[in-house]
Every structure is written in structure tokens, then in C-alpha cells.
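Colleague: Got a structure for you, written out below as C-alpha cells; questions coming shortly.
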Amino acid sequence: MNMKLEELSNYIDINIEEGLARFSNFESFYIKYLKKFVEDETFTKLKQAVLNSNYQEIESYSHALKGVCGTLALKKLYLINSDLCNAIRNKNYDLIEQLFTQDINEYEKTVNYLKLL
Amino acid sequence: MKRNIVLVVDDQEINRIPFVLHFYKKNYQVIECDNGKNAYDNIVAHLDEIAAIFLDLNMPVLDGFGLLKKIKEDNIEILFPIIIITSEENNNQTIKQALDLGATDIIQRELNEGVITKRIENIFSLYETKEQLKELSENQEKIIAQKVQEIKDLSFNTISTMAIAIESRDGDTGNHVNNIYNLTKKMLIHLRDEGFEEVKNLTNDDIEEIAYASILHDVGKIAIPDNILNKPGKLTLEEYEIMKTHTTQGANIIKRIKNPSNSKLMDYAYDICLHHHERYDGRGYPEGLVGDECSLYAQIVAIVDVFDALTQPRVYKKAFTKDEAFNMIKNGECGNFNKNLILILKKVYLEL
């Protein structure tokens, strides 16, 4: 089934209006980059970094994801990655597992619905 | 030429797109760069066309800080805003570092689109105003320079008219004043070009000022009675002594002229008036200065004054040729002069 853009907010935490505004109301471009997010490998790299407890990489990838999610107006994913990035910077390493669990859950849910666009 | 290029610098395509679309809608040409080095090359290639740069800080190859540092180190004059786009909310250290390196402003990626648009508009408006003020200032500078030149021309005309009027009392047609001006100027230019210590740092304006001052060298003749000034035959000793006073009389006249602009012209004129009859061996007048006790400027006017006087007809003599005049000076027939100035005089008169 093909989901329309405006329906997405019923299923995932996305601010369509904000996202469209960022893309100067070019809906086709917004949809294009939402779809591209599905194929983006940054999350896979973040996952590996967490497995390896590579804090520098965790910070780097979560920071990158924060930026992308912010641009796409994926609100919850943005916040989780922001928290993860800050946790590394503040050396609160004990929060990593909890935050990454939230991250992966939200990421998988988001990607599954974005695939329906 | 209106600046019409916007550079968007971020290694992540997704982060560049909002700015690309924003400026595409506003009919700018947008150049995307995925690292600082790429951006630097484009800055150099389009320096006069760029309207703004939107710059991420974290990039491979050359990051945002690296780009800002390179621009500073290479002394590239940036006349457009460089706006940092960051996700580093409230990171004062990052913000300060970027601003210290020359960034114009910081915009957080996560800000509401309306806020970002307004911030960009404000920054562009500021730079447009700055550009307009710069143009206005440049135009005003041109107008001021023009007016200064008009005043200088007027001053020169006034001074030379006065000098010509005074010189005409002893039969001079006005050529002597212009010749002294031209010869003095040429001597100074040659001396400067050959690196003479006393004049090697003179600017063209300085040389112009000294040449102006030289035309007042005989202003003191206004105080010499006609019967002495225009006597066709040889002066008596007493008459000669009176004639010599045109140096000190001239200097006194110059001293009494108010100099509101504090330019050096009157200082040069005073010196030249007083000392243009000094000779290198101390046998000149009024003070019998020896060698370089006399300023180089007065020495120059002394030698060119003699040269020009020899090459002009007078009531008491015919005009000598330039070669004859030079040889007379070289042979010491008209007093002793600085050997360096004699050499320069040869170069100058051969150009006439």
C-alpha cells in the first residue's frame, strides 16, 4: 500500500509541516529524502559502534543522525540521537544501552513506515 | 555586479538540500560542496560572485573550522556572510571559535524554518546595506579627492601667478618659474629612483609639494628696488649686498604666511627661499652653509636656478646653450655644487 505523506504523522513522530517548510514546500524533494533515509547506512554504523563500545564513533554517528533527523523533522528520532550524543560527551556511558535501545526501536518503526511512501 | 552565487557546504547531501531549495527558489545559483577543500576552491574561483556561504563544521578532508582558518591565513578578503549551520545547540565554545575565525553568524539546523528564513533575510539585508555604504563611501572619497585636486590646482595657480608677477619685475616672462618647477621635480624623481638616502622615501605627492615650493624661491625680490633688480650692468658691492637680501626677505615673507593646513609646503618654501644661494663649499649666502648643512632641496633649487638663468636671455647677457650652461656649472664657473647633483643635472637636462 502506498502511504501519503500527510498520513505518516499518524504512525511516526514526524512534523510534516515543519519538514515541508525545510524543503521550501517542494513535496517531491521531501519524499525523496525521506525515502533515502531508509537506505542511509549511518544507523548501521552506529549500531556497530555501540557493539564495539567505540564512544568516538557513537558520538560521530549519533550526531550525524541527529542532523539528518532534524532536517527531515523526525522528531523523536532527533531527540533520542541528541540525547545519545550528549551522553557520550558528558561521559554518561551507562546511558548508552538504554538510549540506543530506544533509538533502534524508533528507527525501525520509522523506516518501516517510510518504506510505504 | 550583483552577487548571485550561494555556496552550501556540508558532507551530508540531506543537510545541503533545504538550503539548495531555498536559494533555488530565490533564483540564486547554488554550488554544493561536500568538504572544506572543495568549498575553498569554489570561493577562490567565484570570490566576486558569492553572496553567502552556508557552512557545516564537521566534514572530512577539511572541516568548517579548517576552512575558516585557511581563508584567514591566505588573506582572502571576504565580502559576504559566512553562516555556520550547526546542530550544536548552546555550545558557546563552538560558536565563539567560529565567530573568532570570521564566521558571520550561527544558525541552528533545528530552528523553525520561518526563523531560519528570517535570520537569513536579516543577514543578507545587513550585507546589502554594508555594500551600499561602501559604494557611497567610495564615491564620496572620489569626490573628495577631486576637490582636493581642484584646491591643489588652485593653490598652485595662485602661487605660480604670484611668483610670476614677482619674477616679471626683472624682465622674466614667466618661463623661469615653470622651468624651476619642472627641473626641481625631475631632479627629485631621478634622485629618488637612484635611491639617494635623503629622498628615497619621498612619495609623488611629496615631490609635487617640494616642486611647488621651489617656485617661490625668488619671492624676496619683491623687496628689492627696481633700480637694482633691473640694472643692466654690474652691481656695485653695496647694490649686491642689497640684492642678496632677497633670500632673507623672501624667507620672512614666507614665515608670515599662515599655514592652516600645516602642510610642509611652506616649510620647504622657507628653506628654499633662504638657502637657494648657498654653495657646497660654504661660499654662498646668506649663511655660508657648507656641504649638506644645506638641505638637499635647497641645493637642488640652487643648481637648477643657475642652470635655467644661464639658458635664458637677460638684459645683461645672451642665453647659453644647455651644454654650455652645464659645462659652466661643472667647471665651477658659477659656484661650487654637490657633485652628485651635477651628475643628476646632466641626466635631467638631456631629457629636456
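Colleague: Between the range B:98-127 and the range B:12-91, what is the separation of their alpha carbon centroids in Å?
Modeller: Here the two parts' Cα centres lie 13 Å apart.
Colleague: OK, next. Give the span of the protein assembly as shown's Cα atoms along each principal axis, as three whole-Å numbers ordered largest to smallest.
Modeller: That works out to 124, 40, 38 Å along the principal axes.
Colleague: Continuing with this model, one more query. Take peptide A:74-85, look around each residue's Cβ out to 10 angstrom, count Cβ atoms belonging to other protein chains, and average those counts.
Modeller: 1
Colleague: What accessible area, summed over both chains, is buried at the B-A interface (1.4 Å probe, Å², nearest 100)?
Modeller: Protein heavy atoms only, the B-A interface buries about 1800 Å².
Colleague: Which angle from 0 to 90°, rounded to the nearest 10, does the C-alpha axis of helix A:55-72 make with the longest principal axis of chain A?
Modeller: Taking Cα atoms only, the helix is inclined about 20 degrees.
Colleague: Can you check what the net charge comes to around A:ASN15, using other residues whose Cβ is under 13 Å from the Cβ of A:ASN15 (Lys, Arg +1; Asp, Glu -1)?
Modeller: -3
Colleague: Looking at B:THR104, B:ALA45, B:HIS176, which one has the Cα that reaches farthest to the positive end of the dipole of chain B (charges on Cβ: Lys, Arg +1; Asp, Glu -1)?
Modeller: Of the options given, the answer is B:HIS176.
Colleague: In whole Hz, with x marking every Gly and Pro, tabulate ³J(HN,Hα) for the range A:17-27 from phi via Karplus 6.51 cos²θ - 1.76 cosθ + 1.60, θ = phi - 60°.
Modeller: 4, 5, x, 4, 4, 4, 9, 6, 6, 8, 4
Colleague: A further question follows. Kindly provide the trypsin sites (Lys or Arg not before Pro) of the range B:279-352 that DSSP labels as loop, not H, G, I, E or B, and whose Cβ sees at most 12 other Cβ atoms within 10 Å.
Modeller: Numbers: sites: B:ARG279, B:ARG283, B:ARG314, B:LYS317, B:LYS318, B:LYS322, B:LYS330, B:LYS339, B:LYS346, B:LYS347; in loops: B:ARG279, B:ARG283, B:LYS318.
Listed in order of number, the matching sites are B:ARG283, B:LYS318.
Colleague: Here's a follow-up. Nearest 5 percent is fine: what portion of the DSSP beta bridges confined to the protein assembly as shown is antiparallel?
Modeller: Working: 3 of 22 bridges.
Around 15 percent of the beta bridges assigned by DSSP in the protein assembly as shown are antiparallel ones.
Colleague: Give, rounded to the nearest 20 debye, the magnitude of the charge dipole that chain B has about its Cα centre when Lys and Arg contribute +1 at Cβ and Asp and Glu contribute -1 at Cβ.
Modeller: Working: 41 positive and 56 negative charges, 252 e Å.
The calculation lands at about 1200 debye.
Colleague: Taking the alpha carbon gyration tensor of chain B, what are the square roots of 5 times its eigenvalues, largest first, to the nearest whole Å?
Modeller: 70, 20, 17
Colleague: Same structure again: Can you give the average number of partner chain beta-carbon atoms within 10 Å of each beta-carbon in peptide A:21-30, as a whole number? Walk me through the numbers before you get to the answer.
Modeller: On the way: counts 7, 10, 6, 12, 3, 7, 0, 0, 4, 3.
What the average comes to for A:21-30 is 5.
Colleague: On average, how many beta carbons from a partner chain sit within 10 Å of the beta carbon of a residue in B:15-27?
Modeller: Whole-number average of other-chain Cβ neighbours for B:15-27 is 4.
Colleague: Report the equivalent ellipsoid semi-axes for the range B:21-78 in whole Å, largest first, defined as the square roots of five times the eigenvalues of the gyration tensor built from alpha carbon atoms.
Modeller: On the way: eigenvalues 79, 42, 15 Å².
Ellipsoid half-lengths, sorted descending, are 20, 14, 9 Å.
Colleague: Now for a separate question. In chain A, which longest range has no trypsin sites (Lys or Arg not before Pro) that are both DSSP loop (not H, G, I, E or B) and surrounded by at most 13 other Cβ atoms within 10 Å?
Modeller: A:5-90
Colleague: Once phi is turned into θ = phi - 60°, what whole-Hz ³J(HN,Hα) does the Karplus curve with 6.51, -1.76 and 1.60 give for every residue of the range A:7-16, x standing for Gly and Pro?
Modeller: Going residue by residue, I get 7, 4, 5, 6, 10, 10, 7, 9, 9, 4 Hz, with x marking Gly and Pro.
Colleague: Moving to a separate point now. Taking a probe of 1.4 Å, how large is the accessible area per residue of the protein assembly as shown, in Å²?
Modeller: Heavy-atom SASA per residue in the protein assembly as shown reads 52 Å².
Colleague: Distance between the C-alpha centers of the range B:196-225 and the range B:284-321? Whole Å please.
Modeller: Cα centres, the range B:196-225 to the range B:284-321: 13 Å.
Colleague: Do the alpha carbons of any pairs in B:LYS25/B:LYS96; B:LYS234/B:LYS347; A:LYS91/A:LYS115; A:LYS47/A:LYS76 sit beyond 29 Å of each other, and which pairs? Before the final figure, lay out each step's value.
Modeller: Working: B:LYS25/B:LYS96 32 Å; B:LYS234/B:LYS347 33 Å; A:LYS91/A:LYS115 35 Å; A:LYS47/A:LYS76 18 Å.
Too far apart for the 29 Å limit: B:LYS25/B:LYS96; B:LYS234/B:LYS347; A:LYS91/A:LYS115.
The values are calculated or read from the model by the stated rules, or taken from the named source; none is laboratory data. This structure is a prediction, so every number in the text was calculated from the model and none was measured. Glycine gets a Cβ as well: all are built from the backbone with ideal geometry, and neighbour counts include every protein chain shown. Note: accessible area is taken over every heavy atom of the protein model, side chains too, but ligands, DNA and RNA are not part of it. Shrake-Rupley method; radii C 1.70, N 1.55, O 1.52, S 1.80 Å.
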